[in-house]
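Notes to accompany the following structure.
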Amino acid sequence: MKYLLVLAVVFVAIWLWRKGRRDEMRARPPPPAPPPAVGPPQAMVRCAYCGLHLPASDAIAGPGGPYCTIEHRHAAGH
Ligand SMILES: [Zn+2]
């Protein structure tokens, strides 16, 4: 009878321990979301003079196409 009581106490202790662990896992915050991509993908254009790739927002538009610098636009003869 004494052993049965000890066994019961041990069983309850294990049950409480497992229950506590389960609660602990549930309380844990969810894993952090992956970092967002650095800005939206930008359209790249190629300089009509030297072939350099640059963002469309930085390109200088010319009659012959986009240019990387105003100098290249002039150098292209436009
Ligand atoms: Zn260029």
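The values are calculated or read from the model by the stated rules, or taken from the named source; none is laboratory data. In this text, all values refer to a predicted model and were calculated from it rather than measured experimentally. Note that we place each Cβ from the backbone using ideal geometry, even for glycine, and neighbour counts take in every protein chain shown. Just the protein is used for accessible areas: all its heavy atoms, side chains included, with ligands, DNA and RNA removed. Shrake-Rupley method; radii C 1.70, N 1.55, O 1.52, S 1.80 Å.
With a 1.4 Å probe and all protein chains left in place, how much accessible area per residue does the chain have, in Å²?
Averaged over the residues of the chain, the accessible area is 88 Å².
Going from most exposed to least, what order do Arg21, Arg28 have by accessible area with a 1.4 Å probe?
Arg28, Arg21
Compute the acute angle (0 to 90°) between the alpha-carbon long axis of helix 2-27 and the principal axis of greatest extent of the alpha-carbon atoms of the chain; round to the nearest 10°.
The two axes meet at around 20 degrees.
Each residue of the stretch 49-57 in turn: what ³J(HN,Hα) in whole Hz from Karplus with 6.51, -1.76, 1.60 and θ = phi - 60°, glycine and Pro shown as x?
Karplus values, whole Hz, x for Gly and Pro: 9, 9, x, 5, 8, 8, x, 4, 5.
Scan around Tyr67 for amide H atoms under 5 Å from its own, H built in the peptide plane at 1.01 Å from N, and keep only partners 5 or more places away or cross-chain.
Correct list: Ala48, Ile60, Ala61, Gly62.
Relative contact order, percent, of the chain when contacts are C-alpha pairs under 8 Å separated by at least 6 residues?
17
With +1 on the Cβ of every Lys and Arg and -1 on the Cβ of every Asp and Glu, and nothing else charged, how large is the dipole of the chain about its Cα centre, in debye rounded to the nearest 20?
Numbers: 9 positive and 4 negative charges, 179 e Å.
The dipole magnitude comes to about 860 debye.
Under a 1.4 angstrom probe, counting protein chains only, how are Ile60, Ile70 ranked by accessible area, largest first?
Numbers: Ile60 45, Ile70 75 Å².
Of Ile60, Ile70, the descending order of accessible area is Ile70, Ile60.
Hey, in the GNM for the chain with a 10 angstrom Cα cutoff, which one of Ala59, Ala48, Ala27 fluctuates hardest?
Its mean-square fluctuation being the largest, the pick is Ala27.
Heavy-atom accessible area of His53 with all protein chains present, probe 1.4 Å, nearest 10 Å²?
Its accessible surface works out to 120 Å², give or take rounding.
In Å and on Cα atoms, what radius of gyration and Dmax does the chain show?
When restricted to Cα atoms, the chain yields Rg and Dmax of 34.2, 104 Å.
In terms of modelled amide H atoms, which long-range or inter-chain residues lie less than 5 Å from the amide H of Leu52?
Cys47
With a 1.4 Å probe and all protein chains kept in place, how do Leu7, Leu52 rank by accessible area, largest first?
Details: Leu7 115, Leu52 90 Å².
I get Leu7, Leu52, largest accessible area first.
Carbon and sulfur atoms: what percent of the 1.4 Å accessible area of the chain do they account for?
Accessible surface attributable to carbon and sulfur in the chain totals 67 percent.
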